[in-house]
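Working notes, beginning with the structure itself.
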Amino acid sequence: MSQKVVLITGALGGIGSEISRQFIQQGYRVIAVLTPSNEPREERWLQNENIDGSQVRFVRTNVTDHEAATAAITEAIEAEGRVDVLVNNAGITRDTAFKKMSYEQWCAVLDTNLRSLFTVTQPVFNKMLAQNHGRIINITSVNGLKGQFGQTNYSAAKAGMIGFTKALALEGARNNVCVNAVAPGYTGTPMVTAIREDIVEGIKKQIPLNRLAGPEEIAAAVLYLAGDSGGYITGETINVNGGLYMH
Ligand code: CAA
């Protein structure tokens, strides 16, 4: 039996790093998708995160570039020979009140967080159908469920991911491909620490557990859905938000 393979977008990000690390700990190989740049981030990341580089295939591609990303992802899957899990984790914010939001801020978030799902998921999903097994986990957000002042773009994209999850779950079921979402609350990553301190303090006060999530608490939900115990869950969203939103 060859090693299981997981493809993770935004694999070097705040939550993505921890998801990558936990999959490697569980014996997976990781196809780590990250955005192209001249900065050599890979080596530093492996060192900082204490990750075994022999278990990682880096793919530098922009998930908003449909043709280039489709080609790069298809090539990586073929090189590995299999893909057992996909984690659609890449995401950005461009927070601004809607009355002041530019069309560029709207499109940047919709393109990266939602439109990219087509590009990344289709080659992986088709391979999973042929294999007759697979798990797809989409990282949405509490703010896709409850809405958030300043995030019309982000909330729209994250809510869209949940609809995508349910529809694709119906299409994957007959081939044993389960599709779910994890909806993190406010998590201790650079995306959240970038928010003005007084605003973060205000948000923390609204969280019943009275603290931010740790990235490892989000990754644990992803690993659960990917593992043997998660095999009868599909079309579902697991909320990991400290009680910030219950529905
Ligand atoms: N509800 C109602 N009104 C609000 C509000 C809220 N939650 N937040 C701000 N406002 C009002 C303010 O009271 C203020 O009103 P006045 O003009 O009448 O005084 C007005 O909106 C402007 O507020 P700010 O001074 O904060 O304006 P700003 O332009 O400096 O910033 C903002 C606007 C960028 C949206 C800022 O409020 C902000 O960063 N908010 C937090 C957004 C947020 O939670 N983002 C999540 C990022 S993390 C993430 O996305 C990960 C995840 O999945 C959870």
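Based on Cα contacts under 8 Å between residues 6+ apart, region 105-213 shows a relative contact order of 28 percent. Answer rounded, prolate or oblate for region 110-152, using the Cα gyration tensor with square roots of eigenvalues a ≥ b ≥ c: rounded when a/c is under 1.5, else prolate when a/b is larger than b/c, else oblate. Oblate shape, in that a/c is at least 1.5 and b/c is the bigger or equal ratio. Taking a sphere under 11 Å around the Cβ of residue 5 and counting the other residues whose Cβ falls inside, with K and R at +1 and D and E at -1, yields a net charge of +3. Excluding same-chain neighbours fewer than eight residues apart, the lysines reachable from residue 4 by a Cα-Cα span under 20 Å are 127. Given a 1.4 Å probe and the protein chains as shown, residue 228 ends up with an accessible area of around 140 Å².
Under 5 Å from the amide H of residue 150 lie the amide H atoms of 98, each residue being 5 or more positions distant or on a separate chain, with H modelled from the backbone and absent for Pro and chain starts.
What shape does region 26-70 have by the C-alpha gyration tensor, where a ≥ b ≥ c are the square roots of the eigenvalues, rounded means a/c under 1.5, and otherwise prolate means a/b greater than b/c and oblate the rest? Oblate is the answer for region 26-70, as a/c is 1.5 or above yet b/c matches or exceeds a/b.
If you take all other residues with their beta carbon under 12 Å from the beta carbon of residue 164, and give Lys and Arg +1 and Asp and Glu -1, the sum is +2. With the whole protein complex present, residue 102 retains an accessible surface near 40 Å², based on a 1.4 Å probe.
Its DSSP H runs of at least 4 residues, each contributing -39,500 (n - 2.57), put the calculated 222 nm mean residue ellipticity of the chain at -14000 deg cm²/dmol, to the nearest 500. Taking 191, 128, 101 and ordering them by how much accessible surface each has at a 1.4 Å probe, largest first, produces 191, 101, 128. Positive contributions from Lys and Arg (+1) and negative ones from Asp and Glu (-1), summed over other residues with Cβ under 15 Å from the Cβ of residue 68, come out at -2.
Return the lysines within reach of residue 204: Cα separation strictly under 28 angstrom, same-chain partners fewer than 8 residues apart disregarded; answer none if there are no such residues. Once the sequence-local lysines are set aside, what remains near residue 204 is 99, 100, 146, 158. Largest to smallest in accessible area, the residues 66, 247 fall in the order 247, 66 (1.4 Å probe, all protein chains included).
Relative contact order for the chain: what percent, with Cα pairs under 8 Å and sequence separation of 6 or more? Value for the chain: 19 percent. The listed residues 223, 117, once ranked by accessible area (1.4 Å probe) with the largest placed first, stand as 223, 117.
Once ligands and nucleic acids are excluded and a 1.4 Å probe is used, how much of residue 152 is accessible, expressed in Å² to the nearest 10? We get 60 Å² for residue 152.
Of the residues 77, 191, 233, the one whose Cα sits farthest towards the positive end of the charge dipole of the chain is 233 (charges of +1 on Lys and Arg Cβ, -1 on Asp and Glu Cβ, taken about the Cα centre). With θ taken as phi - 60° and the Karplus curve 6.51 cos²θ - 1.76 cosθ + 1.60 applied, the whole-hertz 3J(HN,Hα) list for region 26-42 is 7, x, 7, 8, 10, 8, 9, 8, 9, 6, x, 6, 7, 6, x, 7, 4 Hz, x standing for glycine and proline.
State whether the chain is rounded, prolate or oblate according to the following rule on the C-alpha gyration tensor (a ≥ b ≥ c being the square roots of its eigenvalues): a/c under 1.5 gives rounded; otherwise a/b larger than b/c gives prolate, and the remaining case gives oblate. Rounded shape, in that the Cα axes give a/c under 1.5.
The values are calculated or read from the model by the stated rules, or taken from the named source; none is laboratory data. Here the structure is a predicted model, which is why all the values come from computation and not from measurement. Glycine also receives a Cβ, built like all others from the backbone with ideal geometry; neighbour counts cover every protein chain displayed. For the accessible areas, the whole protein counts, side chains as well, though only heavy atoms, and no ligand, DNA or RNA atoms are used. Shrake-Rupley method; radii C 1.70, N 1.55, O 1.52, S 1.80 Å.
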